[in-house]
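Worksheet: the structure to be examined is printed underneath.
The values are calculated or read from the model by the stated rules, or taken from the named source; none is laboratory data. Because the structure is a prediction, the values reported are computed rather than measured. When we count neighbours, we look across all protein chains shown, and the Cβ atoms used for this are built from the backbone with ideal geometry, even at glycine.
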Amino acid sequence: MTDAPNTLDVAEEAAALAEHQPVIVRRTRFGRMWFELRRAPPTAWFGLIVILIYVFTAVFAPLIAPYGETELVGGPFDPWSDQNLLGTDQLGRDMFSRLIYAARNTMGIAVLTTALSFTLGGLFGLFAAVLRGWVDQIVGRIVDVMMSIPQLIFSLVLLSFFGTSVLNLALVIGVLDSTRVFRLTRAVATNVAVLDFVEASKLQGEGLLWVMTREILPNILPPLVAEFGLRFCFVFLTISALSFLGLGIQPPSADWGSMVHDNATLISFGDPTPLLPAGAIALLTVAVNFVVDWFLHKSSGLKE
């Protein structure tokens, strides 16, 4: 007859085994985000800091700017001084204040336009991937025709015809840019739409919107989120280019593209003021691309 196991020995053995077991740490969503941010490369940190500074400037522009957006504070093209840190523009408005307000105008319209392009392009891309057949063919051919025309020239023609209001600017660029989003969404959604779990959801009688939003969309979000950053850059640059040509954001609203155009004559006199709005455009574009590159690297599953 065997002896009963000693309770103390069993407890010691269990404690010894527990020491060799990996400790599973459960983090909150914020904790996981902070953990990933700490491992981000310096370029991603640089991009995030620059974006946060731009967003802060755009949100609190009336509190940061020393003067109003359209307030006349001096003569035309006054030099840099204590009263006007970056001088004045061709009408005598403070350049520093205009730069700050331009962040709100340019970035705000760019975000809304990008959201519109993703709503249209993503929706039609999902429909084409799920329904396929004649729906895919008709929408695909319309997109091909629209993409065959250079976007900037197409935008110039449409804005010249419909007018240059903020609403028309957002609608024209949003619709034209949605063709690129449609292409990407359709490509990645088609690969997911043929998988077994999607077919099983259809056989269970789930509706079309359920299949698109609950089965396909969550599995294609990483490339779409990365594309949102890239599309924002292209939309942002397109708005600035149209403003430089006089068909973008209209005066007296401040915009970086129109500020470069209006003050370009100062370069002939060695004044670097027109380069400041151009530098603001370039810096934000680089920062967004740094963050998008890091996000693509993380979503791809590649190791550091």
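When residues of region 247-293 are filtered for being in a helix (DSSP H, G or I) and touching a Pro at 6+ places or on another chain (Cβ under 6 Å), how many remain? Outline the logic, then answer.
Within region 247-293, the subset in a helix (DSSP H, G or I) is 256-262, 264-269, 275-293.
With touching a Pro at 6+ places or on another chain (Cβ under 6 Å) added as a condition, the list becomes 256, 259-260, 264, 266-267.
Here the count works out to 6.
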Close pairs from region 174-196: first within 15 Å of Phe127 (Cα to Cα), partner in a helix (DSSP H, G or I) and of a type in the set (D, E, K, R), Cβ under 6 Å, at least 6 apart: Leu184/Glu227
Selected residue (only one of Thr185, Thr190, Thr114, Thr119 is under 19 Å from Pro222 (Cα atoms) and surrounded by fewer than 16 Cβ atoms within 10 Å (Cβ to Cβ)): Thr119
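Are there helices (runs of 4 or more DSSP H) fully within region 120-225 with at least 1 residues that are within 30 Å of Asn105 (Cα to Cα)? List them.
Numbers: elements: 133-147, 151-162, 166-193, 196-203.
Because the criterion is at least 1 residues that are within 30 Å of Asn105 (Cα to Cα), the helices (runs of 4 or more DSSP H) in region 120-225 that meet it are 133-147, 151-162, 166-193.
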Leading residue by the ranking (farthest from Ser240 (Cα to Cα)) among those in region 257-285 that are surrounded by 15 or more Cβ atoms within 10 Å (Cβ to Cβ) and of a type in the set (Val, Ile, Thr): Thr273
Among the candidates Asp78, Asp144, Asp89, Asp94, residue that is among the acidic types (Asp, Glu), more than 20 Å from the chain's Cα centre (by Cα) and surrounded by fewer than 13 Cβ atoms within 10 Å (Cβ to Cβ): Asp144
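Could you check region 73-112 and list, in sequence order, the residues that are assigned to a strand (DSSP E or B) and modelled with pLDDT under 90?
Here is the first cut: in region 73-112, the ones assigned to a strand (DSSP E or B) are 88, 93-94.
Thr88, the sole residue that qualifies.
Filter region 260-304 down to residues that are acidic (Asp, Glu) and more than 21 Å from Gly248 (Cβ to Cβ) and give me whichever is modelled with the lowest pLDDT.
Taking region 260-304 as the starting set, the residues that turn out to be acidic (Asp, Glu) are 262, 271, 293, 304.
Still in the running and more than 21 Å from Gly248 (Cβ to Cβ): 271, 293, 304.
Numbers: Asp271: 82, Asp293: 87, Glu304: 48.
So the residue we want is Glu304.
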The listed residue being assigned to a helix (DSSP H, G or I) and free of Cβ contacts under 8 Å to residues at least 40 places away in the same chain, out of Phe228, Phe244: Phe244
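Considering only residues that are surrounded by 15 or more Cβ atoms within 10 Å (Cβ to Cβ) and either among the aliphatic types (A, V, I, L, M) or more than 26 Å from Asp255 (Cα to Cα) (or both), which ones fall in region 153-177?
The first filter runs over region 153-177 and keeps only residues surrounded by 15 or more Cβ atoms within 10 Å (Cβ to Cβ), leaving 154-156, 158-159, 164, 166, 168-177.
Within region 153-177, Leu156, Leu158, Leu159, Val166, Leu169, Ala170, Leu171, Val172, Ile173, Val175, Leu176 meet the criteria.
Check Leu159, Leu245, Leu203, Leu237 and return the single one that is hydrophobic (A, V, I, L, M, F, W, C), within 24 Å of the chain's Cα centre (by Cα) and farther than 22 Å from Thr285 by Cα.
Working: Leu245 fails: farther than 22 Å from Thr285 by Cα; Leu203 fails: within 24 Å of the chain's Cα centre (by Cα); Leu237 fails: farther than 22 Å from Thr285 by Cα.
On inspection, the qualifying residue turns out to be Leu159.
Can you name the residue in region 39-68 that is in a loop (DSSP other than H, G, I, E, B) and aromatic (Phe, Trp, Tyr) and is also farthest from Arg98 (Cα to Cα) among such residues?
Step one: list which residues in region 39-68 are in a loop (DSSP other than H, G, I, E, B), which gives 39-41, 60, 65-68.
Applying the additional criterion that residues be aromatic (Phe, Trp, Tyr) yields 60, 67.
Values: Phe60: 13, Tyr67: 9 Å.
The selected residue is Phe60.
Yes/no matrix, rows are residues, columns are (1) surrounded by 22 or more Cβ atoms within 10 Å (Cβ to Cβ); (2) hydroxyl-bearing (Ser, Thr, Tyr); (3) modelled with pLDDT of 85 or more:
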| site | (1), (2), (3) |
| --- | --- |
| Leu217 | no, no, yes |
| Leu221 | no, no, yes |
| Leu230 | no, no, yes |
| Phe234 | no, no, yes |
| Ser240 | yes, yes, yes |
| Ser243 | yes, yes, yes |
| Gly246 | no, no, no |
| Pro251 | no, no, no |
